[in-house]
Amino acid sequence: MKGYRGIQRFFLWVLLVSCLLILTKYILFKRSPHYYKNYFSHEYSRKVIRDGWKQANFEPFSTIFLFYRSKRLREEYKYINIGGNIIGFVPLGILLPALFLSLRSLWKIALVSFCISLLFETTQLFTGLGSFDVDDIILNTTGGLAGYVIYLLLRKFLRHDDENS
């Protein structure tokens, strides 16, 4: 049984690291490595940071409401943007409490999801590899919380299954 737990933890760690790498790819590194080599060699400057601050959204729910109200944006784009921000963080809400006993509470998962999302958004702000949007932080944190609810349901279901075996 001890060997099974070790394999299980190893698999969960692989999933967590994979999840973080995938999020990094989709949030920060959407283009080819050649693009980033050129970008950081020739284009990146303080102007990028100034422009990032000008384009950043610090007003909660403004992008979400813009998507909701806009008739010009395709519905598919709206769902992909909002849904992608939520769905991308669902695995964190499942994997983090599965790996760390100390993260088995709603507020701790909210805090960790918030901090990871803030790290990504701040990196975008200071590197120009995207644009800072407080709504992304809200949606990402919501995704982490949704994942935690799924984690709780899975635990309850799996425990119930073990008791009936």
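The values are calculated or read from the model by the stated rules, or taken from the named source; none is laboratory data. Since the model is a prediction, treat every value here as computed from it, not as a measurement. With ideal geometry, Cβ positions are generated from the backbone for all residues, glycine too; neighbour counts draw on all protein chains shown. The accessibility values were calculated without ligands, DNA or RNA, using every heavy atom of the protein model including side chains. Shrake-Rupley method; radii C 1.70, N 1.55, O 1.52, S 1.80 Å.
In the context of the full set of protein chains, the range 6-109 has a per residue accessible area of 74 Å² (1.4 Å probe). Using only side-chain charges placed at the Cβ, +1 for Lys and Arg and -1 for Asp and Glu, the dipole size of the chain relative to its Cα centre rounds to 260 debye.
Taking the square roots of 5 times each eigenvalue of the Cα gyration tensor of the chain, largest first, gives ellipsoid semi-axes of 34, 20, 14 Å. Note on the chain: lysine pairs with Cα distance below 28 Å, sequence gap of 8 or more or different chains, count 16. For the chain, with all protein chains in place and a probe radius of 1.4 Å, 67% of the accessible heavy-atom surface sits on carbon or sulfur.
Sorting C115, C19 by accessible area puts them as C115, C19; the probe is 1.4 Å, largest comes first, and only protein heavy atoms count.
Set the Förster distance to 30 Å, then compute FRET efficiency between I7 and V149 from the Cβ-Cβ distance, nearest 0.05. Calculated value: 0.70.
Take the Cα of F29, go 7 Å toward its beta carbon, and the backbone nitrogen atoms of the range 63-96 under 20 Å from that spot belong to 88-89, 92.
When I87, I137, I82 are compared by accessible area of protein heavy atoms, the largest-first order is I87, I82, I137, using a 1.4 Å probe.
Where the alpha-carbon atoms of the range 72-159 are placed on the principal axes, they occupy 47, 30, 16 Å, in descending order.
Label sites at F67 and Y39, each approximated as a point 7 angstrom past Cα along Cα to Cβ, lie 2.1 nm apart. Legend: residues K30, K54, sorted from most to least accessible area (1.4 Å probe; ligands, DNA and RNA excluded), read K54, K30.
Candidates L125, V112, I64 compared by Cα position along the dipole of the range 57-165: farthest toward the positive end lies I64, with charges placed on Cβ.
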